[in-house]
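Only the coordinates and a few stated rules stand behind these numbers; no lab work does. On a predicted model such as this, the values are computed, not experimentally measured, just so you know. Quick reminder, even Gly has a Cβ in these numbers, built from the backbone with ideal geometry, and neighbours come from all protein chains shown.
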Amino acid sequence: MSSGSSLQESTSDNRRLLHFTMKITDRLAVRHFFCDILGMKILRHEEMDFACAAQCNGDFVSPWSKTMVGYGNENSVFVFELNYNYDVEGYEYGNDFSSVTIRNRQAVGNARQLLDKKFIETDNSQSIIVRSPDGHRFILINDDVSPGGNPVQCLSLNVSNLKKSVDYYTRLLEMKINEKESDDNHVKLYYGLTTTNQDSHVKTKAGFLLDNQCQLELIQVETPINRGTGYGRKAFSCPISDVESIEKLIENNEHTILVPSMELGDLPDSKVKVVILSDPDEHEICFVGEENYFKACETDPDAENKFYKGLENKPDDPNKYVIGEDESTKQHDKQ
């Protein structure tokens, strides 16, 4: 593997943090927040008539839509998957999610100028802290990354036992600790490479960029983690050969596998292999085989039109699900 100056390799340098899923309740309001305020673009949009076999839309039996947004192609930067369940009225958001940190001057300016003040927590010369329409917290840094860099710096999640969680992610999932930005109360983890060389463009074999990617921060809290029904899921890429080996490792260490390894997709040459895990606090983790996902995550130039067409063609079910889980089926049922 080639390297630049001040380069560090993770113990598993062929994996990468790809995206984080968020359950949303108002697609137009959320589009305004991510695109008009944060400055991202709609990269892909899909409409699904049935629930995802890998529970991508949560534990709901509902038609749903998936909108991918970001500052660039997912093969180069961290993005967000915004999931809208047509038959779900709302969600209970717990304390599992802490924040996302973004370094982008334009986003700061947009928030100050365009965002309703009720969504702004704090504002100073260095940063502004805002919330999305569904309450997700974003820390916007009044600075820019280098050209072509990844503005999304960090995904932060709360944990009830930092030591146990760090052991899970480092020993089992082989993430590396960012020692300079960690202490007894929080730890930053990453795959890939950190470098000050702006000309470095190290990639995985399939083509995913590894330089200076979004980090995962685990924050110790003193209360039990409540994920509610509005919980998210983080996705990592890895070689397809790693999917089953990760599954076996997690199983052998007696941790939870939510969805055993399976293939998603309709066409044989576009199927992606995934396994869904659950960490010690039940934060969901998806590992996806990078070879076919690299093709699947290409930006669709018609994504914006598909997003608006989806609003027109898929009316909401008047008998929406209410919040609450049927313990016998582990699925959300209509009342």
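Quick rundown of the values:
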| quantity | calculated |
| --- | --- |
| For Cys214, residues with placed amide H under 5 Å, excluding near neighbours | Phe78 |
| Glu179/Glu312 FRET efficiency (R0 56 Å; Cβ-Cβ; nearest 0.05) | 0.65 |
| Highest average packing first - 86-95, 115-124, Cβ atoms within 10 Å | 86-95, 115-124 |
| Relative compactness, region 159-228, computed as alpha-carbon Rg over 2.2 N^0.38 Å | 1.30 |
| Whole-angstrom Cα spans of the chain along principal axes, big to small | 58, 51, 45 |
| Modelled FRET efficiency - R0 30 Å, Lys117 with Thr25, Cβ distances, 0.05 increments | 0.90 |
| Of Gly149, Gly289, Gly232, the one that fluctuates the most in a GNM where the chain has Cα springs shorter than 10 Å | Gly149 |
| Per-residue ³J(HN,Hα) for region 144-152, Karplus 6.51 cos²θ - 1.76 cosθ + 1.60, θ = phi - 60°, Hz, x for Gly and Pro | 10, 7, 5, x, x, x, 9, x, 7 |
| Partnerless cysteines, meaning none of the other Cys C-beta atoms lie under 4.7 Å away, in the chain | Cys35, Cys154, Cys214, Cys238, Cys286, Cys297 |
